[in-house]
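Here, each number is a calculation from the coordinates, and none is a lab measurement. Predicted model only: the values in this text are computed from it and were never measured. Counting neighbours? That spans all protein chains shown, and the Cβs are built from the backbone with ideal geometry, glycine included.
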Amino acid sequence: MTTHVLEFADVHYTYPGAAQPALNGVTMAVPAGRRCALLGRNGCGKSTLFLHANGIFRPHKGQVLWKGVPISSRRADLQALKRNVGLVFQDPEQQLIAATVAEDVSYGLCNLHLPEAEIREKVRRTLEAFGLSEWADTPVHHLSLGQKRRVALAGVMVMEPELLLLDEPTSYLDPWQTEAFVRQLERIHAVGTTIVMATHDLDFAYAWADWVFVMDAGRLVLAGEPERVFARRDILEVLQFKRPAVLELWESLPGHVKERLGPGLPKTTGELAERLRLL
Ligand SMILES: Nc1ncnc2c1ncn2[C@@H]1O[C@H](COP(=O)(O)OP(=O)(O)OP(=O)(O)O)[C@@H](O)[C@H]1O
Ligand SMILES: [Mg+2]
């Protein structure tokens, strides 16, 4: 049986003064241990959903559940949710608050009132793991956007959350940083962290994720294994979604070639090229 870490049950939310709801009855369950991609057009509610997932926003209607238990508005419940669910904001400028990199990464731990020696050791290990040791005393405002992203991720991961929510994390990263970031995610996932990443990069989502959510107009419209979700041309076309390039290429190949390329769909154009080369 699949267990779910976080669930949204018919969650509604409208921003003050807005004419339309940002979340309009979203129901969605995040399976434990998965790498999930959250897809959807600009303004469909992805960031708003994330803000509900770690208790920053409270639903106007509906419920958020952590491991099957509804989150109440009690302080202790919300604090537990914040500990278990780490959110890396779409805009790192909103996330980083302290003066230096090390201070920023230690901020959440200081709020937990842990012993100072324990905080120092956790921060040291995290800075090392994220390749940030040499930046420890650098003022945050001296960093580039991509570097700020890494600091924001380090500041969330130091809290060892069970569920990591990433809001378009690769948007300011160059291709090398994106690759390094994906390797970091592999390590984070390998220790049992469930990950949900909002992204507009469909090729990346198809190659990386093992579970895909598609939102539209404040609701969930599709969820499942990437192959199954991207096979739903009917729904994706209505949403004007492009399909991953590798799937388009695969489908353009004649049947007898596909048969010789071995079982299973390729995940990337690189993998498809390699299979073709080996023919
Ligand atoms: N602070 C705000 N005040 C009023 N309306 C807001 C606010 N933030 C977002 N909205 C509205 O809520 C809806 C959902 O926005 P949200 O930021 O959650 O979308 P998103 O899916 O994350 O989009 P994007 O892909 O552009 O990041 C949009 O219609 C947006 O205009
Ligand atoms: Mg967003």
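Sorting 75, 124 from the fewest to the most surrounding beta carbons within 10 angstrom yields 75, 124.
Please give me the summed charge of the neighbours of residue 56: other residues whose Cβ is under 15 Å from its Cβ, Lys and Arg +1, Asp and Glu -1. Working shown, then result.
Values: positive: 46, 58, 75, 82, 83; negative: 77, 91, 167.
Cβ neighbours under 15 Å give a net charge of +2.
In plain terms, the chain from residue 20 to residue 180 could stretch by 53.7 nm, reckoned as 0.36 nm per residue minus the Cα-Cα distance.
At what distance in angstrom do the alpha carbon centres of region 88-111 and region 226-275 lie from each other? Each part reduced to its Cα centre gives a spacing of 40 Å. Amide H contacts of residue 61 (H built 1.01 Å from N, in plane; Pro and chain starts excluded): 12 sit under 5 Å, all sequence-distant by 5 or more or on other chains. Exposure proxy shown here: for 138, 3, the number of other Cβ atoms within 10 Å sets the order, fewest to most, as 3, 138.
Near residue 5, the amide H atoms lying under 5 Å from its own belong to 30, 32; only residues 5 or more places off or on other chains count, and H is placed 1.01 Å from N. The phi torsions of region 28-40, fed into the Karplus equation with coefficients 6.51, -1.76 and 1.60 and a -60° offset, translate into couplings of 6, 10, 8, x, 5, x, 8, 9, 9, 9, 10, 10, x Hz, rounded to whole numbers, with Gly and Pro shown as x. Run the quick spin-label model on residue 10 and residue 137: label points 7 Å from Cα toward the beta carbon, then report their separation in nm to one decimal. My value for the distance between the label points is 5.8 nm. Remark: spin-label model distance residue 117-residue 79 equals 2.4 nm, labels positioned 7 Å along the Cα→Cβ axis. Between residue 91 and residue 172, the modelled label-to-label distance comes to 1.1 nm, taking each label 7 Å out from Cα in the direction of the beta carbon. As a proxy for reagent exposure, ranking 36, 110, 44 by other Cβ atoms within 10 Å from fewest up yields 110, 36, 44. For the chain, just say rounded, prolate or oblate: build the C-alpha gyration tensor, square-root its eigenvalues into a ≥ b ≥ c, call rounded for a/c under 1.5, and beyond that prolate if a/b exceeds b/c, oblate if not. Oblate, because a/c is 1.5 or more while a/b does not exceed b/c. Zone of residue 273 (label point 7 Å along Cα→Cβ, backbone N under 14 Å): which residues in region 172-194? What the label zone holds, given the 14 Å backbone N cut-off, is no residue at all.
Taking amide H as placed 1.01 Å from N in the peptide plane, the amide H of residue 197 sits under 5 Å from that of 36, 37, 38, 166, each at least 5 places away or on another chain. Give the shape of region 142-279 as rounded, prolate or oblate, defined through the alpha-carbon gyration tensor: a ≥ b ≥ c are the square roots of its eigenvalues, a/c under 1.5 means rounded, and otherwise the shape is prolate if a/b is larger than b/c and oblate if not. It comes out prolate by the Cα gyration axes.
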